[in-house]
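One structure is given here, and the rest of the page talks about it.
The values are calculated or read from the model by the stated rules, or taken from the named source; none is laboratory data. Bear in mind that the values here come from a model prediction, so they are computed numbers and not experimental data. All Cβ positions, glycine included, derive from the backbone under ideal geometry; neighbour counts span all protein chains shown. Ligands, DNA and RNA are excluded from the accessible area calculation, which covers all protein heavy atoms including side chains. Shrake-Rupley method; radii C 1.70, N 1.55, O 1.52, S 1.80 Å.
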Amino acid sequence: MAGSNFVDYVKIFARSGHGGGGSTHFRREKFVAFGGPDGGDGGKGGSIVLQGDKQYWTLIHLKYQRHQFAEDGEHGSGARSSGKDARDIVIPVPLGTVAKRVFENEDGTATTETVGEVTADGERLVLLRGGRGGLGNWHFKSATNQTPRYAQPGEEGEEGTFILELKVLADVGLVGFPNAGKSTLLSVVSAAKPKIADYAFTTLEPNLGIVEVRDHKSFVMADIPGIIEGAHEGRGLGTRFLRHIERNSVLLFLIPADSDDIRRDYDVLLGELTQYNPELLDKERLLAVTKCDMLDEDLIAEIRGHLPEGVPSVFISSVSGLNIPRLKDMLWEALQR
């Protein structure tokens, strides 16, 4: 899901279909005197529906289909024949898609309201309901009005602008500054092939990988672009990708061993997440000190004394494989908690 094919934000304009009008019709057959009203009901207009599809990982298929219009229901006809219901527009979206409706204010500003989210395969979320079909004139027949010459018009459809946001669904999210070794770790523990280079912000899109643990167990790990101090205010790549962390069950903080102050770096990262969304503090957190292939036991013991308290930690090296199996076990145990 890496590269230019990844789209996690799309704005669409949608309109549901009008309901078909009921029919004003009277039965006219030979040898049938005073047949009476027999106008049928109108059909229902098409709705606009999102449906979760686990085969999709991005919203790119909607990037150039930003207008979604449903058809109108057919009108009723004689002999109490109902009009045909219009087909719903069903839009497949990846799991983790959040839909927000945009409302234009009188002062020219816009506000959004969350409609719902799609998190399961096959789950449906109705954005706009199609209009109901009108009733035919036979519904209005009574003892005092045996020839009603009116029917109910179809209900009008709805229209609106929506923002679709994708929040990547993963069990473990990697959190760290640029060049902390997140992409390298993901490439080692999974079959993912993220871009790896020796300059900042090599990861511009989230990457997902399936990590296998013991006894054929596995979990999904997500690597998001690096966070810098002030990200919650828009610095660096800003908050665009921070929302993906909201869906992770466990957060794995990665800080390289050559950091000037590992505890301070951890506090900065945690502070950025907290200022973006305080609920992220409730998630299980682990700390991995990366790039430890050149450290001896004495140096590791010295660094261990400067690590943040209360957070399970492990020293790893993606290059030499140091403690990679142990890290996977720790993540699995955290997921079970």
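Is it fair to say Leu280 is modelled with pLDDT of 85 or more, touching a helix residue (DSSP H, G or I) at 6+ places or on another chain (Cβ under 6 Å), in the same structural domain as Ser187 (by the TED database) and within 18 Å of Leu174 (Cβ to Cβ)? Answer is yes for this residue. Give the range 258-306 a look and list any residue that's touching a strand residue (DSSP E or B) at 6+ places or on another chain (Cβ under 8 Å) and open to solvent by less than 20 Å² (accessible area, probe 1.4 Å), or say none. Within the range 258-306, Ile262, Tyr266, Leu269, Leu273, Leu280, Leu286, Leu287, Ala288, Val289, Thr290, Cys292, Ile300 meet the criteria. Looking across Gly35, Gly17, one residue alone is open to solvent by less than 30 Å² (accessible area, probe 1.4 Å) and in contact (Cβ under 8 Å) with a residue 60 or more places away in the chain. It is Gly17. Restricting attention to the range 283-325, the residues being within 19 Å of Lys182 (Cα to Cα), modelled with pLDDT of 90 or more and out of contact with any Ser or Thr (no Cβ under 8 Å at 6 or more places or on another chain) number 10. The residues in the range 54-99 that are farther than 20 Å from Glu246 by Cα, open to solvent by less than 90 Å² (accessible area, probe 1.4 Å) and either in contact with a Cys (Cβ under 9 Å, 6 or more places away or on another chain) or in a loop (DSSP other than H, G, I, E, B) (or both) can be counted, and the count is 11.
Would you be able to say whether some residue in the range 5-17 is modelled with pLDDT of 90 or more, assigned to a loop (DSSP other than H, G, I, E, B) and of a type in the set (D, E, K, R)? No, there is no match, as no residue in the range 5-17 is modelled with pLDDT of 90 or more, assigned to a loop (DSSP other than H, G, I, E, B) and of a type in the set (D, E, K, R). Residues of the range 307-328 that are polar (S, T, N, Q) and either loosely packed, with under 14 Cβ neighbours inside 10 Å or in contact with a helix residue (DSSP H, G or I) (Cβ under 6 Å, 6 or more places away or on another chain) (or both): Ser318, Ser320.
Of everything in the range 259-314 that is small (Gly, Ala, Ser) and in a strand (DSSP E or B), the residue that is nearest to the chain's Cα centre (by Cα) is Ala288.
If the condition is being within 30 Å of Gln55 (Cβ to Cβ), open to solvent by less than 60 Å² (accessible area, probe 1.4 Å) and part of a loop (DSSP other than H, G, I, E, B), then the range 120-151 contributes Ala120, Gly122, Gly130.
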